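Asker: Pasting in a structure now, in structure tokens, and then I'll have a few things to ask.
The values are calculated or read from the model by the stated rules, or taken from the named source; none is laboratory data. These numbers come from a predicted model, not from an experiment. Ideal geometry is used to build each Cβ from the backbone, glycine not excepted, and the neighbour counts take in all protein chains shown. For the accessible areas, the whole protein counts, side chains as well, though only heavy atoms, and no ligand, DNA or RNA atoms are used. Shrake-Rupley method; radii C 1.70, N 1.55, O 1.52, S 1.80 Å.
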Amino acid sequence: MAGDASDRWWEGAVLYQVYPRSFADSNGDGIGDLRGILEHLDHLAGADRSLGVDGVWLSPIYPSPQHDFGYDISDYTGVAAEFGTLDELDALIAGCHERGLRFLMDLVPCHTSIDHPWFVDARSSRDAEHRDWYVWADPPPDGSPPSNWESVFGGSAWEWDAASGQYYLHTFYPEQPNLNWRNPAVATAMGDVMRFWFERGVDGFRVDAIFAAVHDARLRDNPPVRRAHMIPGFGGDAGQDALWSMARPEVHDVIRHIRAVANEFPGRVLVGEAYLPVEELAGYLGHGRDDEFHLAFDFELLHSPWEHQHLTLAVERSEALHPPAVWPTYAIGNHDQARPASRWGAARERAAAFLLLTLRGVAVLYAGDEIGMENADPAILPDPPFDRAGRDGYRTPMQWTPTAVAGFTTGTPWLPVVDAQARNVLDQSADPDSLLSLYRRLIAARRASPALARGTHRSFFGVGTDVMAWMREAPGDRVLCLLNVGDQPSRCALPTARLGADGGEVVVATSARAGHVTLAEMTLDALEGVAIRIG
Ligand code: GLC
Ligand code: CA
């Protein structure tokens, strides 16, 4: 069931990721919360100086012992007290909808917390009702783990449960036991969780770590790495190919099940998360059959070095594997990955924003990247770290004002503020040349242009040293995008005959360039991006 065109609002949408703990604290306990998010919705949409995004995605806000900051859920249909109440969540959903913002939550279907009542029951005895909701295995005679599978965060993926005398599987931390999706009761329960939130008005889910849903039933040992695999990026790198423990073919049955539940509710969207090469990821989108995820993060761009060939290849592979009706989903940052301003360098952040927002695709912007926040220097981070996988540096408080606590809290922030004097929303709002102002212009230009929002994509190669060039085209609207990813000015040789035009009007640029440009004479400054409407 594809739904009608208005149901497909997410095509070409810009989504904004909020890490609730770090966005805005309304009660001074140093931890961001739902009321804080509600109070800052002007930043996202509906006010003069909003970014103008289409939707917001919240990382998990459910009750949790917070071993993995909410990605270890102990109650799928509640709200953690530190974030607020269900009523406040309803108010936030309503506040978003009043501004025309869609509201997405995080669905974590592959594991629960060890504190979830299902797991508490499961580990109570081998005959417990929920025993088979998780993945248990006997040890071999020597007592070692049942297979060599490594956790994404390092160490064995098997945890010994002395009381019941078996191991349980955990793809992530030991506090995150994997659910057993081979058990139909799990599928039913998760479907009911989705319905609970859809009925409350949630517009969709970002679906966490889906490749971990199913493992090999025979528990075969993983081989050593043979091919570039994209799963790491967190703490652990086991040097093994997760051939038998992750991304098994059966995962498609799981995705089709949750898609069928989403299809009961018109206009909802599922955005899958799987760190896989785009060739494998394309299958998670149902190869155009429209029966798996609507969208899935393509992390090739995020993982690409800032280098012309690599960036071009990331875009071309994605374009090749997402047929016109299927939308790539790009992110350049998230709560698990180094900040783009640190990974690629602050000098490149304007060019990176241009790339994210002018390519054909859904763009997901991580809070703080629009003001160029950098990774926290490990020296200022708490010791021992909150997150054992070392991601605290990408999760520091959002910097709203140039004050010591960044306007994030009136108390002591749970993680230190990095550099609110140098980068904050207040100052950048007032400065037309700031990164934040560029983000606003790029999103506004995209909204105003059918070509940039939903048009097709066609690349041109060999246009100039370090220049990426592509055309976005929709009926009655053609926009040529040029981006010099190099650190030197670059002269372009544009195929004006093929373009059928020798000039055009600048729609948006990372620079001060404006008005009419003559294509034959284009020289792009270092790291300059320009989108030009071609008549
Ligand atoms: C996803 C989340 C990450 C979490 C992991 C386990 O990759 O983005 O933060 O640790 O899944 O749920
Ligand atoms: Ca708080």
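Asker: Condition test on Val14, is it aliphatic (A, V, I, L, M), open to solvent by less than 30 Å² (accessible area, probe 1.4 Å), touching a Leu at 6+ places or on another chain (Cβ under 6 Å) and away from ligand 2 (no atom under 15 Å from the Cβ)?
Answerer: No, not satisfied.
Asker: Let me ask something additional. How many residues are of a type in the set (A, V, I, L, M, F, W, C), modelled with pLDDT of 95 or more and within 19 Å of Pro145 (Cβ to Cβ) when one looks only at segment 219-277?
Answerer: If we filter segment 219-277 for residues that are of a type in the set (A, V, I, L, M, F, W, C), which is where we start, we get 219, 225, 228, 230-231, 234, 238, 242-244, 246-247, 251, 254-255, 258, 260-262, 265, 269-271, 274, 276.
Filter once more, keeping what is modelled with pLDDT of 95 or more: 219, 251, 254-255, 258, 260-262, 265, 269-271.
Then keep just the ones that are within 19 Å of Pro145 (Cβ to Cβ); that gives 219.
So the count comes out to 1.
Asker: Restricting the search to segment 30-73, which residues are touching a Lys or Arg at 6+ places or on another chain (Cβ under 9 Å) and basic (Lys, Arg)?
Answerer: Of everything in segment 30-73, just one residue is touching a Lys or Arg at 6+ places or on another chain (Cβ under 9 Å) and basic (Lys, Arg), namely Arg49.
Asker: Does Leu15 count as within 19 Å of the chain's Cα centre (by Cα) and part of a loop (DSSP other than H, G, I, E, B)?
Answerer: When the stated conditions are applied, Leu15 does not pass them.
Asker: Going by the structure shown, is Gly411 at pLDDT 95 or above and at positive phi?
Answerer: Against the criterion (at pLDDT 95 or above and at positive phi), Gly411 does not qualify.
Asker: Report every pair of residues separated by at least 6 positions or lying on different chains whose Cβ atoms are under 6 Å apart, first residue within segment 419-448 and closer than 13 Å to Gly368 by Cα, second open to solvent by 10 Å² or more (accessible area, probe 1.4 Å) and in a helix (DSSP H, G or I).
Answerer: Close Cβ pairs (under 6 Å, with a partner that is open to solvent by 10 Å² or more (accessible area, probe 1.4 Å) and in a helix (DSSP H, G or I)) amount to Leu435/Glu349; Leu436/Gln428.
Asker: Tell me which residues, restricted to segment 354-375, are under 15 Å from Val425 (Cα atoms) and of a type in the set (Phe, Trp, Tyr).
Answerer: Answer for segment 354-375, where residues must be under 15 Å from Val425 (Cα atoms) and of a type in the set (Phe, Trp, Tyr): just Tyr366.
Asker: Continuing with the same structure: With Ala469, Ala501, Ala453 as the choices, which residue is closer than 26 Å to Trp10 by Cβ and in contact (Cβ under 8 Å) with a residue 24 or more places away in the chain?
Answerer: Just one listed residue meets the conditions, Ala453.
Asker: With a cut-off of at least 2 residues that are touching a Cys at 6+ places or on another chain (Cβ under 7 Å), modelled with pLDDT of 95 or more and closer than 27 Å to His322 by Cα, name the strands (runs of 3 or more DSSP E) lying wholly within segment 451-523.
Answerer: Passing ranges, in order: 467-474.
Here is a yes/no grid of residues against (1) touching a strand residue (DSSP E or B) at 6+ places or on another chain (Cβ under 6 Å); (2) modelled with pLDDT under 95; (3) more than 16 Å from ligand 2 (Cβ to nearest atom); (4) of a type in the set (Lys, Arg):
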| position | (1), (2), (3), (4) |
| --- | --- |
| Pro146 | yes, no, yes, no |
| Glu175 | no, no, yes, no |
| Ala187 | no, no, yes, no |
| Met194 | no, no, yes, no |
| Val202 | yes, no, yes, no |
| Val207 | yes, no, yes, no |
| Phe211 | no, yes, yes, no |
| Ala217 | no, no, yes, no |
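Asker: What are the pairs with Cβ atoms under 7 angstrom where one residue, in segment 300-327, is among the charged types (D, E, K, R) and the other, located anywhere, is open to solvent by 50 Å² or more (accessible area, probe 1.4 Å)? Sequence gap at least six, or different chains.
Answerer: Qualifying pairs under 7 Å: Glu300/Arg317.
Asker: Looking at segment 418-450, which of its residues are in a loop (DSSP other than H, G, I, E, B) and more than 30 Å from Asp383 (Cβ to Cβ)?
Answerer: Asp431, Pro432, Asp433, Ser434, Ser449
Asker: Can Leu415 be described as in contact with a helix residue (DSSP H, G or I) (Cβ under 7 Å, 6 or more places away or on another chain) and in a helix (DSSP H, G or I)?
Answerer: no
Asker: If I go through segment 146-167 residue by residue, how many of them are in a loop (DSSP other than H, G, I, E, B) and open to solvent by less than 50 Å² (accessible area, probe 1.4 Å)?
Answerer: 11
Asker: Just wondering, is there one or more residues in segment 39-58 that are within 16 Å of ligand 1 (Cβ to nearest atom) and either in contact (Cβ under 8 Å) with a residue 60 or more places away in the chain or farther than 24 Å from Gly70 by Cα (or both)?
Answerer: So far as segment 39-58 goes, yes, one or more of its residues are within 16 Å of ligand 1 (Cβ to nearest atom) and either in contact (Cβ under 8 Å) with a residue 60 or more places away in the chain or farther than 24 Å from Gly70 by Cα (or both).
Asker: Residue by residue through segment 106-134, note down the ones that are within 16 Å of ligand 1 (Cβ to nearest atom), in contact with a Phe, Trp or Tyr (Cβ under 6 Å, 6 or more places away or on another chain) and not hydroxyl-bearing (Ser, Thr, Tyr).
Answerer: Those that are within 16 Å of ligand 1 (Cβ to nearest atom), in contact with a Phe, Trp or Tyr (Cβ under 6 Å, 6 or more places away or on another chain) and not hydroxyl-bearing (Ser, Thr, Tyr): Leu107, Val108.
Asker: Considering only segment 381-416, state which residues are open to solvent by less than 40 Å² (accessible area, probe 1.4 Å), within 16 Å of ligand 2 (Cβ to nearest atom) and of a type in the set (S, T, N, Q). I'd like the intermediate steps shown before the answer.
Answerer: Here is the first cut: in segment 381-416, the residues open to solvent by less than 40 Å² (accessible area, probe 1.4 Å) are 381, 387, 389, 391-393, 395-401, 406-409, 411, 413-416.
Retained after the next criterion (residues that are within 16 Å of ligand 2 (Cβ to nearest atom)): 395-398, 400, 406-409, 411, 413-415.
Correct list: Thr396, Thr409.
Asker: Which of the residues spanning segment 441-462 are under 21 Å from Ala514 (Cα atoms) and surrounded by 19 or more Cβ atoms within 10 Å (Cβ to Cβ)?
Answerer: The answer is Leu442, Ile443, Ala445, Arg446, Ser449, Ala451, Leu452, Ala453.
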